[in-house]
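*Asks:* Structure provided below as structure tokens; questions to follow.
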Amino acid sequence: MRAERAGLAVVLVAAIALSWAYLAWMASDMAAGAGATVAHCAAMPGMTSSSPVYLWWLFVMWSVMAVAMMLPTALPLVVLFAAAHRRRYPRRSLVGPSLRLVLGYLLVWFGFGAAAAIAQWALEQIDALAPVVGELRSPRVGGLVLVGAGLFQATSLKARCLTECRSPLSFLMTRWRGALAMGAEHGAYCLGCCWALMLVMFVVGVMNLFWMAALAIVMLLEKVAPRGDLVARATGVALVVLGVVRLL
């Protein structure tokens, strides 16, 4: 039992750590000089800013970001699921079902990653977004995105999804079924809670490691802090202020 839990923890922590390491490597590539990452991409076979290979690379980048930023917020759900599975099925392994739960959760975020990659690719084609770096060129559009993300923090949809994310035990007690389906449903609530915050990356730069870490911490605190709802509202106010400043 302890060995299974330890093995599961190693797999999840390794996935998160490797994702952050990959993102840190890419960010350092950007900081190394003008276009280091762009040059690296250009050297890849078939890689151009309009090629399917480049679009696939963007999808991989966003998917790794999802693992790095969102998987930590799902760990309370995974821990509670593993304990509940052990109680329900004491003779069965908990590793497989727990990993299927994680897979269902991540599949939802990989879907978001696909949409974000397509959006980034399309915006780059019309020169509205800096290539690879992924930063909106227009300060006004960026300001509107920040204001919109901030206002979303105060909506009923945000509150409903955040409530579900903050209550993994209640979720498991009322929606117990296949692990993959449970993971996907919880992932959908998580996406409904956090999608607007993820769009902030288009304003600050998709490969801005500082903002990645800051937003990841905010989303984690929203879900696990004693008053995560206040964290969400305070974040919303801060984003609106930043957005107004950018507009002006």
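*Asks:* Can you tell me how many residues within region 170-185 are over 16 Å from Leu107 (Cβ atoms), surrounded by 13 or more Cβ atoms within 10 Å (Cβ to Cβ) and either among the charged types (D, E, K, R) or at pLDDT 95 or above (or both)?
*Replies:* 0
*Asks:* Okay, next question. For region 135-156, give me the residue count where each residue is more than 18 Å from the chain's Cα centre (by Cα) and not small (Gly, Ala, Ser).
*Replies:* 9
*Asks:* Restricting to region 81-111, name every residue that is more than 19 Å from Ala15 (Cα to Cα) and either among the aliphatic types (A, V, I, L, M) or modelled with pLDDT of 95 or more (or both).
*Replies:* If we filter region 81-111 for residues that are more than 19 Å from Ala15 (Cα to Cα), which is where we start, we get 83-93.
Result: Ala83, Ala84.
*Asks:* Test Ala68 against the stated conditions and say whether it is small (Gly, Ala, Ser), in a helix (DSSP H, G or I) and either surrounded by fewer than 13 Cβ atoms within 10 Å (Cβ to Cβ) or at pLDDT below 95 (or both). Step through it out loud before you land on a result.
*Replies:* Working: small (Gly, Ala, Ser): yes; in a helix (DSSP H, G or I): yes; either surrounded by fewer than 13 Cβ atoms within 10 Å (Cβ to Cβ) or at pLDDT below 95 (or both): no.
Considered against the rule, which asks whether it is small (Gly, Ala, Ser), in a helix (DSSP H, G or I) and either surrounded by fewer than 13 Cβ atoms within 10 Å (Cβ to Cβ) or at pLDDT below 95 (or both), Ala68 comes out as no.
*Asks:* Considering only region 186-204, I want to know if a residue exists there that is over 14 Å from the mean Cα position of the chain (by Cα) and surrounded by fewer than 18 Cβ atoms within 10 Å (Cβ to Cβ). Walk me through how you get there before you give the answer.
*Replies:* From region 186-204, those over 14 Å from the mean Cα position of the chain (by Cα) are 203-204; that's our starting set.
In the following step, the residues that additionally are surrounded by fewer than 18 Cβ atoms within 10 Å (Cβ to Cβ) were identified as none.
Within region 186-204 (the criterion being over 14 Å from the mean Cα position of the chain (by Cα) and surrounded by fewer than 18 Cβ atoms within 10 Å (Cβ to Cβ)), the answer is no, since none of the residues qualifies.
*Asks:* Show the residue pairs meeting these rules: Cβ distance below 9 Å; 6+ apart or different chains; first residue within region 195-210 and in contact (Cβ under 8 Å) with a residue 60 or more places away in the chain; second residue among the charged types (D, E, K, R) and in a helix (DSSP H, G or I).
*Replies:* Here the result reads Val203/Arg246; Met207/Asp29, each pair linking region 195-210 to a residue that is among the charged types (D, E, K, R) and in a helix (DSSP H, G or I).
*Asks:* Residue check: is Pro131 over 15 Å from the mean Cα position of the chain (by Cα), in contact (Cβ under 8 Å) with a residue 40 or more places away in the chain and over 21 Å from Ala232 (Cα atoms)? Explain how you work it out, then say what you get.
*Replies:* Working: over 15 Å from the mean Cα position of the chain (by Cα): yes; in contact (Cβ under 8 Å) with a residue 40 or more places away in the chain: yes; over 21 Å from Ala232 (Cα atoms): yes.
Answer is yes for this residue.
The values are calculated or read from the model by the stated rules, or taken from the named source; none is laboratory data. Not measured: the values here are computed from a predicted model. A quick note on method: Cβ atoms are made from the backbone with ideal geometry, for glycine too, and the neighbour counts reach across all protein chains shown.
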